[in-house]
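To start, the structure under review is shown below, and the notes come after it.
Each reported figure results from applying straightforward, stated rules to the coordinates on display, with no laboratory input. All figures in this text were calculated on a predicted structure; none of them were measured in a lab. Cβ sites come from the backbone with ideal geometry, for glycine too, and all protein chains shown count toward neighbours.
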Amino acid sequence: MLELGGARLVLTHDMLVEGVHFLASDPPGDVAWKLVAVNLSDLAAKGARPVGALLGYSLGESDWDSAFARGLREVLEAFGVPLLGGDTVLMPEGRAFGLTAIGEAQERVPSRSGAESGDGLWVTGTIGDAMLGHALLAEGRHGPASLIAAYRRPQPRLSEGAALAPVVHAMMDVSDGLLLDALRMAEASGCSVDVDSASLPFSADFDAAGGDRRAALAWGDDYELLFAAPPGFEPPVPATQVGRFGPPGEPLLRLDGAPVPPSERLGWEHR
């Protein structure tokens, strides 16, 4: 957070890279949506209100660029975010984009380091839909539109973040996998955490399409809010308690009471 001239600003920057964060076959307008949405999700995790964005854009084929620009306008208007500027560069091959989102913070800005032993671990919405949507697209299969939309057009939980920020102990968004992000919150807070797989929220479309619940815990791209709150907490927004924080010690992460092996993949690791 940056305090400037009496304003409390939250700044975040995320990139999307073709073949890593989106498929080459994804419509340009959807890529623009996702680029903005994943950055706004970071603001949501701080309870911040978006006030502007700066874009770094790799120029390529003109029709693709025009479609991206139309999608960018759509998503910025949808969330009331002005484009303040940025830069363009011509790339010989491939596509990569960066966006800096600027938000205005409330009086209290939750971090990922405030969880306490005894707190519940909560998550908004459902998880796994984006994982399944990606799999359907990558394999050329058809499936429920909701799963495709979850992957291509995630919805940042801005109103939920604003409601939760004043009352939770810690908060972050689920971008790299629920297990990995829960571990990160526990590490930052000096706690351990036990995730209860039976409590995890999955959509009806996810289950109907045969989604792998265990795999969804380590896939990411959910962009839901993960937060810590004290016992007896009544969330002001729809959310599900999916675990509990405990005292520090090894192991830091348990799943259904059992230690998660260090060799097991927990989510997306940025190298």
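Among the listed values (1) 118; (2) 127; (3) 135, the one matching volume of the Cα convex hull per residue in Å³ as calculated from this structure is (3).
Of Pro248, Pro110, Pro236, which is the most mobile in a GNM of the chain whose springs link Cα atoms less than 10 angstrom apart? Among Pro248, Pro110, Pro236, the largest mean-square fluctuation in the Gaussian network model of the chain belongs to Pro236.
Counting other Cβ atoms within 10 Å as a rough exposure proxy, the listed residues Ser197, Ser203 run Ser197, Ser203 from fewest neighbours to most. Kirkwood radius and radius of gyration were both taken over the C-alpha atoms of region 120-259, and their ratio Rg/Rh is 0.98. Every helix of 4 or more DSSP H residues in the chain counts as -39500 (n - 2.57), and over all residues that averages to -8500 deg cm²/dmol at 222 nm. Here is the list for region 47-130: trypsin sites (Lys or Arg not before Pro) lying in DSSP coil, each with at most 13 other C-beta atoms within 10 angstrom of its C-beta, are Arg108.
Given R0 = 41 Å, the distance between the Cβ atoms of Leu9 and Glu74 translates into a calculated FRET efficiency of 0.95.
Across region 76-136, the convex hull enclosing all Cα atoms gives 229 Å³ per residue. Applying 1/(1 + (r/R0)^6) with r as the Cβ-Cβ distance of Asp63 and Glu107 and R0 = 41 angstrom yields a FRET efficiency of 0.30.
Were the residues from Phe202 through Ser159 laid out at 0.36 nm apart, the gain over their Cα-Cα distance would be 13.4 nm.
Arranged from fewest to most other beta-carbon atoms within 10 Å of their beta carbon, Asp196, Asp119, Asp205 become Asp196, Asp205, Asp119. From the square roots a ≥ b ≥ c of the eigenvalues of the alpha-carbon gyration tensor of region 96-175, which class results: rounded (a/c under 1.5), prolate (a/b over b/c), or oblate? In terms of gyration-tensor shape, prolate.
Here region 2-104 has an Rg and Dmax of 13.8, 45 Å, counting Cα atoms alone. Ranked by the mean number of other Cβ atoms within 10 Å of their residues, highest first, the peptides 27-36, 51-60, 182-191, 76-85 come out as 27-36, 182-191, 51-60, 76-85. In terms of the Cα gyration tensor, with a ≥ b ≥ c the square roots of its eigenvalues, is region 29-177 rounded because a/c is under 1.5, prolate because a/b exceeds b/c, or oblate? It is oblate, given that a/c is not under 1.5 and a/b is not larger than b/c.
Amide H contacts of Gly114 (H built 1.01 Å from N, in plane; Pro and chain starts excluded): Met171 sit under 5 Å, all sequence-distant by 5 or more or on other chains. On full extension, the segment bounded by Ala96 and Val17 gains 28.0 nm, given 0.36 nm per residue less the C-alpha separation. Computed over neighbours whose Cβ is under 14 Å from that of Asp173, the net charge equals -3, Lys and Arg +1, Asp and Glu -1.
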